[in-house]
């Protein structure tokens, strides 16, 4: 990609001033790490509060063409549009609730994973807040617009800043800007008026820690972020630690752990398909997914803990009893685990927890145990 | 006199044995090193062929043999303390010693001034 094609976020200049090591990621010039380095940034997030620029992602609003309504009826109409593409019960979202779901293809493969949220206030029903992955957002938005067929309008919000505050002190930091954040349950969101501007605050994240993702107007974002970073417990965290944090949390990275060939059942994401949708079987790829739900999938995403110190990376073959039984899809060193960890797919027969396998690292077999994920317990605020 | 490669290895030669490590620049670029895959004593290496692997939190990177020869020692202390590579890359944290086959190969490597000038071009 040529330098001219790389996009910046509202915070790119600030990252440079902070001494970040920058690299193109999903078409954006992004901070990979700051002076602290991946290890310290990772541990700081688990211990205090990390601030991440995730403005490369794809926040958007889907609104009924007839206009914003009130009450359940308007919500049900907009929910019916996206339910053609995703297997989650979007209609059943309570006001303010967020659900993790995925766009599926006709074979039940995952086109992208995303968050979908219902506005918390009754004056904004018939709208959904959607956050897609950076690398998939163009295609996702096109797919959603096609499904709208004129009945709804998709407004991108990816010209704003999306800032994640993650870690045990995140709520203590954000409460200085937004009242009432400590009381918000995990996977809820709300609008907030801050210094005369509208923010969107969601209690969710990609680290396994308590935390928030906050959508802030681009113009004021650098000042806000600078001010947040002046808090003694907040440090900027790059994409390097974002990846090691999500790996320890057992969370999937699109294009690696999930893609158009993997189904939600294989990926261990069947919990995202609520009862109403299973019973109706009215989502793309339902035939495969319902079959896998009743008979079990042929392969399954599992966690690996290596018994010595050599990390196994994406692409490493998984061997059991001399036969290849799967492949690593993400792997590296877990700073909080203080050892190498990985995730990947193995055939159902060997997927039972605590089976011993070998991961091939540079043609050398490395013993690993199949373990339950997450590698580090989630510490979400369940309220 | 210490010599350097464009792949950021350093080498000190005494007689026909070379001590090899990675430069401070390389260690800094790699970030936190969590594992070093050392060569086996007795194995043969060729100039600018793979010799070892360093793993940071994020990625694995090859370390190349600056000179052709046979591995006569590996710094096993890096197995239990890979972070030494970040702390003293151009000292205690050497990777391996190579018994050289052709000392003349040294001429192809850079001296400190040339390496520092090379770093400025990166």
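The values are calculated or read from the model by the stated rules, or taken from the named source; none is laboratory data. This is a predicted model, so every value here is computed, not measured. Note: ideal-geometry Cβ built from the backbone for every residue, glycine included; neighbour counts use all protein chains shown.
At a glance:
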{"read-out": "Odd one out for residue A:284, checked against (1) crowded, with 18+ Cβ neighbours inside 10 Å; (2) touching a helix residue (DSSP H, G or I) at 6+ places or on another chain (Cβ under 7 Å); (3) more than 14 Å from every other protein chain (Cβ to nearest Cβ)", "value": "(2)"}
{"read-out": "Elements of type helices (runs of 4 or more DSSP H) in segment B:24-122, at least 3 residues being more than 14 Å from chain A (Cβ to nearest Cβ), at pLDDT 95 or above and at negative phi", "value": "B:112-120"}
{"read-out": "Failed item, numbered, when residue A:235 is tested on (1) over 15 Å from residue A:176 (Cα atoms); (2) out of contact with any helix residue (DSSP H, G or I) (no Cβ under 6 Å at 6 or more places or on another chain); (3) part of a strand (DSSP E or B)", "value": "(2)"}
{"read-out": "Breaking point among (1) farther than 16 Å from residue A:308 by Cβ; (2) in contact with a strand residue (DSSP E or B) (Cβ under 6 Å, 6 or more places away or on another chain); (3) away from chain B (no Cβ under 14 Å), for residue A:369", "value": "(1)"}
{"read-out": "Those strands (runs of 3 or more DSSP E) lying entirely in segment A:124-206 with at least 1 residues touching a helix residue (DSSP H, G or I) at 6+ places or on another chain (Cβ under 7 Å) and crowded, with 18+ Cβ neighbours inside 10 Å", "value": "A:127-132, A:152-156, A:161-166, A:197-202"}
{"read-out": "Selection status of residue A:336, out of contact with any strand residue (DSSP E or B) (no Cβ under 9 Å at 6 or more places or on another chain) and either farther than 24 Å from residue A:259 by Cα or modelled with pLDDT of 95 or more (or both)", "value": "yes"}
{"read-out": "Residue check for residue A:214: within 24 Å of the chain's Cα centre (by Cα), farther than 30 Å from residue A:85 by Cβ and at pLDDT 95 or above", "value": "no"}
{"read-out": "Given (1) more than 14 Å from chain A (Cβ to nearest Cβ); (2) within 14 Å of the chain's Cα centre (by Cα), number of the condition residue B:14 does not satisfy", "value": "(2)"}
{"read-out": "The lone exception for residue A:123 - which of (1) in contact with a strand residue (DSSP E or B) (Cβ under 7 Å, 6 or more places away or on another chain); (2) modelled with pLDDT under 95 it fails", "value": "(1)"}
{"read-out": "When residues of segment A:300-343 are limited to those that are away from chain B (no Cβ under 14 Å) and either in a loop (DSSP other than H, G, I, E, B) or in contact (Cβ under 8 Å) with a residue 60 or more places away in the chain (or both), the one surrounded by the fewest Cβ atoms within 10 Å (Cβ to Cβ)", "value": "A:322"}
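Quick grid of which residues meet (1) in contact with a helix residue (DSSP H, G or I) (Cβ under 6 Å, 6 or more places away or on another chain); (2) buried (at least 20 other Cβ atoms within 10 Å of the Cβ):
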{"residue": "A:18", "(1), (2)": "no, no"}
{"residue": "A:21", "(1), (2)": "no, no"}
{"residue": "A:43", "(1), (2)": "no, no"}
{"residue": "A:80", "(1), (2)": "no, no"}
{"residue": "A:84", "(1), (2)": "yes, no"}
{"residue": "A:91", "(1), (2)": "yes, no"}
{"residue": "A:94", "(1), (2)": "no, no"}
{"residue": "A:104", "(1), (2)": "no, yes"}
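Conditions tested, residue by residue: (1) in contact (Cβ under 8 Å) with a residue 40 or more places away in the chain; (2) surrounded by fewer than 19 Cβ atoms within 10 Å (Cβ to Cβ).
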site: B:72; (1), (2): yes, yes
site: B:85; (1), (2): yes, no
site: B:100; (1), (2): yes, no
site: B:111; (1), (2): yes, yes
site: B:116; (1), (2): no, yes
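To keep it simple, each residue is scored yes or no on (1) touching a residue at least 40 places away in the same chain (Cβ under 8 Å); (2) farther than 21 Å from residue A:57 by Cα; (3) touching a strand residue (DSSP E or B) at 6+ places or on another chain (Cβ under 6 Å).
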{"residue": "A:127", "(1), (2), (3)": "yes, no, yes"}
{"residue": "A:152", "(1), (2), (3)": "yes, yes, yes"}
{"residue": "A:162", "(1), (2), (3)": "yes, no, yes"}
{"residue": "A:168", "(1), (2), (3)": "yes, yes, no"}
{"residue": "A:171", "(1), (2), (3)": "yes, yes, no"}
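One line per residue, one yes/no per condition, for (1) surrounded by fewer than 18 Cβ atoms within 10 Å (Cβ to Cβ); (2) free of Cβ contacts under 8 Å to residues at least 24 places away in the same chain; (3) more than 19 Å from the chain's Cα centre (by Cα):
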position: A:52; (1), (2), (3): no, no, no
position: A:97; (1), (2), (3): yes, no, no
position: A:112; (1), (2), (3): no, no, no
position: A:121; (1), (2), (3): yes, no, yes
